[in-house]
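Reading through the structure tokens given below for one structure.
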Amino acid sequence: MVSPLSGAEAGALTHRAPASVTDAVCIKAHKFSAEKLNRAEVLVYDAWEAGSREKRLNLARRALKISPYCADAYVLLAEESRNLQEALGLYEKGVLAGRLALGDLFYKRQV
């Protein structure tokens, strides 16, 4: 059974609480960029259409390297996960990333 995350990522995810303050800090450590989020989303759209699981996973991981605010990348990784705990953690991170991204987008539009 192959995890959609690297060994270190999967180990960290299964040995801690669900999406937390730590996750928020990790995501927020990256300056929000709508342009980067858009680039990441394009990769995720390509990933959904990719023919192989390996290609979907690689594209989703690349999307998160571009923008950790890309909620859809977490959802794709969760959908591909074969481990229920890992999938749950990924869905929770996706919700958190989406909330953070929408907050930043809203703030930037209002300022």
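Among the residues of the stretch 56-87, those that are out of contact with any Asp or Glu (no Cβ under 8 Å at 6 or more places or on another chain), in a helix (DSSP H, G or I) and over 25 Å from residue 33 (Cβ atoms) comprise 79, 80, 84, 85, 86. Taken over the stretch 68-98, the residue count meeting the criterion of being basic (Lys, Arg) and crowded, with 18+ Cβ neighbours inside 10 Å is 1.
Here residue 57 fulfils each of the conditions (1) touching a Leu at 6+ places or on another chain (Cβ under 9 Å); (2) over 18 Å from residue 30 (Cβ atoms); (3) open to solvent by 30 Å² or more (accessible area, probe 1.4 Å) apart from (3). Take the conditions (1) of a type outside the set (D, E, K, R); (2) open to solvent by less than 80 Å² (accessible area, probe 1.4 Å); (3) modelled with pLDDT of 95 or more; residue 45 misses just one of them, which is (2). For residue 50, indicate whether it is open to solvent by less than 50 Å² (accessible area, probe 1.4 Å), on the phi < 0 side of the Ramachandran plot and without any contact (Cβ under 8 Å) to a residue 12 or more places away in the chain. Against the criterion (open to solvent by less than 50 Å² (accessible area, probe 1.4 Å), on the phi < 0 side of the Ramachandran plot and without any contact (Cβ under 8 Å) to a residue 12 or more places away in the chain), residue 50 qualifies. Here the stretch 21-39 is the region considered, the condition is being within 26 Å of residue 84 (Cβ to Cβ) and open to solvent by less than 40 Å² (accessible area, probe 1.4 Å), and the residue that is modelled with the highest pLDDT is 27.
The values are calculated or read from the model by the stated rules, or taken from the named source; none is laboratory data. Since the model is a prediction, treat every value here as computed from it, not as a measurement. Ideal geometry is used to build each Cβ from the backbone, glycine not excepted, and the neighbour counts take in all protein chains shown. Please note that ligands, DNA and RNA were not included when accessible areas were found on the heavy atoms of the full protein model with its side chains. Shrake-Rupley method; radii C 1.70, N 1.55, O 1.52, S 1.80 Å.
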